[in-house]
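Single-structure report; data block below.
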Amino acid sequence: MSIADLLLMELYTAEKTRQKNMDIINLLLKELEAEINITKKFLVIVPVEKFDWAPHEKSMKLKSLVVHIADLPSWISLALTTYELDFETAPYTEPLAESADDLLKILEKNHVLGKGELEKATETDLNGRWVLRMGKRVLADYSKYETIRHTISQIIHHRAQLGVYLRLLDIPIPGSYGPSADNPNF
């Protein structure tokens, strides 16, 4: 085998690896789009007059829950543009929201930020480390890819929690990945 053949094999392997990683980014983008679209269906029906309601004393208030859901896509941008978040030096400040329209604006702004950074991401970016901490206490130490997956999972998790809140408030639940008991359309 000649040196030229070896170089061509190396270039072919590098290109296949690049395509595989771009496939991962494209899959993340596709999944993010789907979850944002489902989330919008939930946020538009949130009763703002119940923002102070919680199903249990240990539960988050409805407003904090829905603002958190709308804010979560910003963590994709955060993961790709920083190496850590320390709640001790950068405490969380809840974005202001007084209406379903405000929630949708927060979600859309954060979606655009997260999607934009993900579209620019490379294999190296996805492999980088990202740490969530409270001072010296490490809460999470993930690859940036794992942080993005965790963020999407958090959107899904808290949206399901919102579904329970809405059910307890007797508000019809939209379908997520298919029909719901209230929406038989697929």
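The values are calculated or read from the model by the stated rules, or taken from the named source; none is laboratory data. Just so it is clear, the model here is predicted, and its values are computed rather than measured. Note that we place each Cβ from the backbone using ideal geometry, even for glycine, and neighbour counts take in every protein chain shown. Ligands, DNA and RNA are stripped out before the accessible areas are found, and what is left, the full protein with its side chains, is counted by its heavy atoms. Shrake-Rupley method; radii C 1.70, N 1.55, O 1.52, S 1.80 Å.
What are the residues in region 162-183 that are open to solvent by less than 50 Å² (accessible area, probe 1.4 Å) and closer than 18 Å to Lys50 by Cβ, if any?
Passing the criteria: Leu162, Gly163, Tyr165, Leu166, Leu169, Ile171, Ile173, Pro174.
Of the conditions (1) touching a Leu at 6+ places or on another chain (Cβ under 9 Å); (2) in a loop (DSSP other than H, G, I, E, B), Tyr165 clears all except one; give me its number.
The number of the failed condition is (2).
Scan Lys115, Lys144 and give me the residue that is of a type in the set (D, E, K, R) and under 18 Å from Asp71 (Cβ atoms). Show your work before the answer.
Details: Lys144 fails: under 18 Å from Asp71 (Cβ atoms).
Of the residues listed, the single one that is of a type in the set (D, E, K, R) and under 18 Å from Asp71 (Cβ atoms) is Lys115.
Kindly list the number of the only condition in (1) over 23 Å from Val131 (Cα atoms); (2) in a helix (DSSP H, G or I) that fails for Leu29.
Result: Leu29 fails condition (1) only.
Could you pull out every one of the helices (runs of 4 or more DSSP H) wholly within region 53-147 that has 3 or more residues that are of a type in the set (Gly, Ala, Ser) and touching a residue at least 40 places away in the same chain (Cβ under 8 Å)?
Working: elements: 62-71, 74-81, 100-120, 123-127.
Of the helices (runs of 4 or more DSSP H) lying wholly inside region 53-147, those with at least 3 residues that are of a type in the set (Gly, Ala, Ser) and touching a residue at least 40 places away in the same chain (Cβ under 8 Å) span 74-81.
Taking Val131 as the residue in question, decide whether it is open to solvent by less than 40 Å² (accessible area, probe 1.4 Å) and either farther than 24 Å from Tyr145 by Cα or among the charged types (D, E, K, R) (or both).
No: the conditions fail for Val131.
Out of the residues in region 143-160 meeting the condition of being of a type in the set (S, T, N, Q) and more than 8 Å from the chain's Cα centre (by Cα), tell me which one is nearest to Leu43 (Cα to Cα). Can you show your working first?
Narrowing region 143-160 to residues of a type in the set (S, T, N, Q): 143, 147, 151, 153-154.
Narrowing further to those that are more than 8 Å from the chain's Cα centre (by Cα): 143, 147.
Details: Ser143: 30, Thr147: 24 Å.
This residue is Thr147.
Do we find that Glu49 is more than 15 Å from the chain's Cα centre (by Cα), assigned to a helix (DSSP H, G or I), surrounded by fewer than 12 Cβ atoms within 10 Å (Cβ to Cβ) and at pLDDT 95 or above in this structure? So that I can check it myself, show each step before the final result.
Working: more than 15 Å from the chain's Cα centre (by Cα): yes; assigned to a helix (DSSP H, G or I): yes; surrounded by fewer than 12 Cβ atoms within 10 Å (Cβ to Cβ): yes; at pLDDT 95 or above: yes.
Against the criterion (more than 15 Å from the chain's Cα centre (by Cα), assigned to a helix (DSSP H, G or I), surrounded by fewer than 12 Cβ atoms within 10 Å (Cβ to Cβ) and at pLDDT 95 or above), Glu49 qualifies.
What are the residues in region 57-88 that are closer than 24 Å to Leu126 by Cα and surrounded by fewer than 18 Cβ atoms within 10 Å (Cβ to Cβ), if any?
If the condition is that a residue be closer than 24 Å to Leu126 by Cα and surrounded by fewer than 18 Cβ atoms within 10 Å (Cβ to Cβ), then Thr81, Thr82, Tyr83, Glu84, Asp86, Phe87 are the ones that fit.
Just name the residue that is least open to solvent (accessible area, probe 1.4 Å) out of those in region 102-122 that are more than 16 Å from Glu35 (Cα to Cα) and touching a Leu at 6+ places or on another chain (Cβ under 6 Å).
So, considering only residues that are more than 16 Å from Glu35 (Cα to Cα) and touching a Leu at 6+ places or on another chain (Cβ under 6 Å), the one least open to solvent (accessible area, probe 1.4 Å) is Ala121.
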